[in-house]
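Q: There's a structure below that I have some questions on.
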Amino acid sequence: MKGGQSRVGIVSYGAYVPRLRIKAEEIARVWGHDAHMGDALNIQQKSVPSPDEDVATMSVEAARIAVERAGIAARRIGAIFVGSESHPYAVKPTGTIVAEALGAGPFVQMADFEFACKAGTAAVQACMGLAVSKLVDLGLAIGADTSQGAPGDALEYSASAGAAAIVVGREPSEFCAEINYTTSYTTDTPDFWRREGQKYPSHGERFTGTPAFFKHVAAAGERVFSEMGTTPEDYDYAVFHQPNGKFPKMVGKKLGFRDEQVALGLLAPRIGNTYSAAVLLGLANVLDAAKPGDRIFVAGYGSGAGSDAFDLTVSPGIAKIRGRGVPTVEDFVRSDEFLDDATYAKYRGKIQVPSGGAT
Amino acid sequence: MTVPRFWREQPQRYRLLGAECNNCGGIYFPPRTVCPECRRESIGKMVQRQLSGRGTVLAHTVVHQPADGFELQVPYVMAIVELEEGCRVMAQVVDVVPGSVGTGLPVEMTFRRIREDGRNGVIYYGYKFRPMRHTTLDKRVANSIASPKPSSTPPRSPAGSRPRRS
């Protein structure tokens, strides 16, 4: 890690995306919107959780894959941070459920994180600090969400579900990718929020663009370049938070990346905005394909607002954790199980039922 | 179900932690403190056994009249799954079209919400099963769906194979 002898990296990773999808054109049909809304957002379809799935279940699935991929003994995990804006409980940690399901702990540091869509990358940074300082052997950072948009709101096209788990450690021989540097750019910018007890979020519509997403991601990205002495051409891949399918390409262009560098880490057109999971799922998709020595630029974004940016180099260890029969991101992204809008509304608790409604 | 009772059973419900008799090698789920085969000879010899979570559907039914809390999932599949270790467990099979489930279908454990104590109550999580992920669904496994093999490991005892409803 820059500025010291200590090294820190990603030891393993896991992804999970529910198999159900709804098409943008189906949402547009029901709400009387332009049939090309999906094209405008570059989101053709989005993932939908089953009634029995939530942030805890998806976090467990992603974490189990991460642990299985690298053959990690659960007792080595000394910290678990789950980042989400849709934790199943307002009060009661999601992380305890993940730890029990993995067989990790009880000696484990834990807290649930919330920072809109960047709680997952914030969890990665917390794990980096604990691993480098030798307070823990391995840290498990998870970004997961089952986000909701108000019926008929523009968020209906994007708010989806997914989870990504990143295991962070300090032993270079275990790295599948070394984290060379991380930085955060954070200001008090109210572009998107959800008040206590409210089911659906509110947002500042176009205010979510220039002064929010673009300003913060660009500022964090420029700092990576200046601190690391790099230019966009030094990176093989660039992964961004993806509230829709067009913002990552636009901010990539603004920073100087070509569309080809952004393409592999861009999943929003096929699964929508998985919020806290989005940028980490994009990174996981890149790690599924990257070669040792490849350099990866990563910039998450969370409304409120902040951006966490990372500079990574893929390690030789990536070869050791491939081909273990563990599913890739593409295995989850690929799905043709489409719902109609009425079933989607039923599953997402948008229809009032006497009992057993989804959350 | 009360919260303390569920809490006691979390290791088995969350990650299929069973029990093994070190006297006869019998494997049990839910875990037992005494082996029904060896009885007193098994005392002190029962150890925890982490089950693989992989198995095949032995029998199934499609539920159209749901249990409380399952209304949104109708129609859904309940099955008796024979695990690789030989013991049997009753559980829901998810991520499938009900008509596509048949005897011999390879399945694996997944972690899902089972039910909740109303809007203010605790959420109960636990195991369900889903078809084996296609990355591991090689030709050999695909063939076994077409021609299911008879059960190679008969249940060790009625108690050991008692279906467990979540």
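Q: At 1.4 Å probe size, with every protein chain present, just tell me what the per residue accessible area of the range B:4-123 comes to in Å². The partial results should precede the final answer.
A: Working: 5550 Å² over 120 residues.
For the range B:4-123, the solvent-accessible area averages 46 Å² per residue.
Q: To the nearest 100 Å², how much accessible surface do chains B and A hide from each other in total, with a 1.4 Å probe? It would help to have the intermediate numbers written out before the result.
A: Values: alone 9720 and 14500 Å², together 21570 Å².
Summing both sides, the interface buries roughly 2600 Å².
Q: Can you give me the Kirkwood hydrodynamic radius for the range A:1-155, using every pair of distinct Cα atoms, in Å to one decimal?
A: Numbers: mean 1/r = 0.0585 Å⁻¹.
For the range A:1-155, inverting the mean 1/r across all distinct Cα pairs yields 17.1 Å.
Q: Right, next: How well do other chains shield peptide A:111-117, expressed as the mean number of their Cβ atoms within 10 Å of each residue Cβ?
A: Numbers: counts 0, 0, 0, 0, 0, 0, 0.
Rounded to a whole number, the mean comes out at 0.
Q: Quick one: work out the % antiparallel among DSSP beta bridges in the range B:52-146, nearest 5.
A: Values: 26 of 27 bridges.
Bridges in the range B:52-146 are about 95 percent antiparallel.
Q: Same structure again: So which DSSP H runs in chain A come out at 15 Å plus along the axis (Cα) with average Kyte-Doolittle of at least -1.0? Before the final figure, lay out the partial values.
A: On the way: long enough: A:55-70 (23 Å, 0.66); A:119-132 (20 Å, 1.47); A:215-228 (20 Å, -0.09); A:278-289 (17 Å, 1.80).
Flagged H segments are A:55-70, A:119-132, A:215-228, A:278-289.
Q: Please give every one of the aspartates and glutamates within straight-line cross-link reach of A:LYS253, meaning a C-alpha to C-alpha distance under 16 Å, and leave out same-chain neighbours fewer than 8 residues apart.
A: Cα-Cα hits under 16 Å: A:GLU222, A:GLU233, A:ASP234, A:ASP236.
Q: Output the antiparallel fraction of DSSP beta bridges having both residues in chain A, as a percent to the nearest 5. Show your work: numbers first, answer last.
A: Numbers: 39 of 58 bridges.
If I count the DSSP bridges inside chain A, around 65 percent turn out antiparallel.
Q: Compute the distance from the alpha-carbon center of the range A:263-315 to that of the range A:205-253, in whole Å.
A: Comparing the Cα centres of the range A:263-315 and the range A:205-253, I get a distance of 11 Å.
Q: If you don't mind, there's one more thing I want to ask. For the range B:49-68 and the range A:132-184, what is the separation of their C-alpha centers, rounded to whole Å?
A: So the separation of the two Cα centres works out to 32 Å.
Q: Might you tell me the accessible area per residue for the range A:179-316, computed with a 1.4 Å probe and given in Å²? Mind dumping the intermediate values first?
A: Details: 5250 Å² over 138 residues.
That works out to 38 Å² per residue.
Q: Near the amide H of A:PHE192, under 5 Å away, which other amide H atoms are found, from residues 5 or more places off or on another chain, if H is placed in the peptide plane?
A: When sequence neighbours closer than 5 places are left aside, the close amide H contacts are A:GLY204, A:GLY304.
Q: Can you tell which of A:TYR200, A:TYR344, A:TYR13 shows the greatest fluctuation in a Gaussian network model of chain A with Cα springs below 10 Å?
A: Taking springs between Cα atoms under 10 Å, the residue moving most is A:TYR200.
Q: Separate question: Can you show me the helix-derived [θ] at 222 nm for chain A, built from DSSP H runs with n ≥ 4 at -39,500 (n - 2.57) apiece and divided by the number of residues, rounded to the nearest 500. Walk me through the numbers on the way to the answer.
A: Values: 12 runs with 107 residues, N = 359.
Helix contribution divided over all residues of chain A: -8500 deg cm²/dmol.
Q: So how strong a dipole does the range B:52-146 carry about its Cα centre when Lys and Arg Cβ are +1 and Asp and Glu Cβ are -1, to the nearest 20 debye?
A: Working: 11 positive and 10 negative charges, 41 e Å.
Approximately 200 debye in magnitude.
Q: Using a 1.4 angstrom probe on heavy atoms only, work out the carbon and sulfur share of the accessible area of chain A in %. Could the numbers behind the result be given before it?
A: Working: 6770 of 13170 Å².
Carbon and sulfur atoms account for 51 percent of the accessible area of chain A.
Q: How large is the Kirkwood hydrodynamic radius of chain A, counting all unique pairs of alpha carbons, in Å? Walk me through the numbers before you get to the answer.
A: Values: mean 1/r = 0.0501 Å⁻¹.
One decimal place: 19.9 Å for the Kirkwood radius.
Q: With a 10 Å cut-off between alpha carbons and a GNM built on chain A, which of A:SER160, A:SER133, A:SER276 moves the most?
A: Checking each option, the largest mean-square fluctuation is seen for A:SER133.
Q: Here is the link list: A:LYS134/A:LYS254; A:LYS23/B:LYS128; A:LYS320/B:LYS45; A:LYS92/A:LYS350; A:LYS46/A:LYS215. Which ones come out longer than 29 Å on Cα distance? Intermediate values should be presented prior to the final figure.
A: On the way: A:LYS134/A:LYS254 38 Å; A:LYS23/B:LYS128 27 Å; A:LYS320/B:LYS45 38 Å; A:LYS92/A:LYS350 24 Å; A:LYS46/A:LYS215 26 Å.
Exceeds cut-off: A:LYS134/A:LYS254; A:LYS320/B:LYS45.
The values are calculated or read from the model by the stated rules, or taken from the named source; none is laboratory data. Values in this document were obtained by computation on a predicted structure and should not be read as measured data. So basically every Cβ, Gly included, is an ideal-geometry build from the backbone, and we count neighbours across all protein chains shown. Side chains included, ligands, DNA and RNA excluded: accessible areas come from the protein's heavy atoms. Shrake-Rupley method; radii C 1.70, N 1.55, O 1.52, S 1.80 Å.
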